[in-house]
Amino acid sequence: MGGLLMYCSIPFFVLLDFILAKAVMPVLMGQSVDRPKLDDFIHYRRDIMDELIWFDQFNCLFCSWANGIVEYLNVACDHVLHQKRSGWSLSQRAALLGCGSILIFTGLYITIINRSIAYFHSWTRLSLLANWRDLRTKGYGAAITSGFARETMFLTKFVMIASSHSLKQIETRWCPIRYVETRRVPAHHDLFLSQVGVKEIAEHLAIHGKFG
């Protein structure tokens with residue numbers, strides 16, 4: 001079921017990638033020389049790809065891609081928040097409007113995924129309300145004078161935090177690589193990892209301690 005949840009979330013991350021990460025955020029950040037770049041956040045772990053069968057190579061590619069997008073958007077939100085500006089340009093206002101529209105869908109989607117994780121796996125369900133309250137208590141986005149811009153950036157940050165936690169829940173309980181890192185490989189993972197792959201990964205971890 002962890003894999004099914006992962007595959008069902010692909011449309012969600014496609015939206016985050018092509019609309020929020022590649023279209024909206026660059027406009028909101030403007031021409032800032034120190035703005036984060038998406039390519040710096042996506043790492044495909046090429047050093048271990050040869051040790052996995054094709055199916056698990058795809059899984060690794062997905063996790064690297066999805067985690068990179070979420071991490072980038074988290075950092076980009078903070079970058080927009082801390083920029084000094086006298087106002088929002090017309091293109092930035094249009095970007096905020098598009099962002100708000102997408103977040104209505106993505107917020108609902110991540111809520112469904114979060115509840116599915118808890119229901120089908122009996123895992124501890126992420127408290128979305130607790131995360132919401134925590135961001136409010138910290139005053140996230142309070143420095144932005146425009147009410148619509150402030151709430152849009154707040155909601156973007158909230159969805160990214162929820163997405164990050166959901167990815168971690170799926171990855172730490174289903175990903176064969178994560179199980180190897182803890183030296184526990186469930187029997188059903190024989191379907192995903194070659195026996196040579198398990199040995200090579202364990203040796204790599206013994207030397208380097210982690211991947212990436």
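The values are calculated or read from the model by the stated rules, or taken from the named source; none is laboratory data. A quick note: this is a predicted structure, and the numbers were derived from the prediction, not measured. When we count neighbours, we look across all protein chains shown, and the Cβ atoms used for this are built from the backbone with ideal geometry, even at glycine.
Annotations
- Top-ranked residue of the stretch 3-25 - restricted to ones that are surrounded by fewer than 18 Cβ atoms within 10 Å (Cβ to Cβ) and either more than 15 Å from the chain's Cα centre (by Cα) or of a type in the set (Val, Ile, Thr) (or both), ranked as modelled with the lowest pLDDT: Gly3
- Residue within the stretch 68-91 that is small (Gly, Ala, Ser), closer than 21 Å to Lys37 by Cα and either at pLDDT below 80 or loosely packed, with under 14 Cβ neighbours inside 10 Å (or both) present: yes
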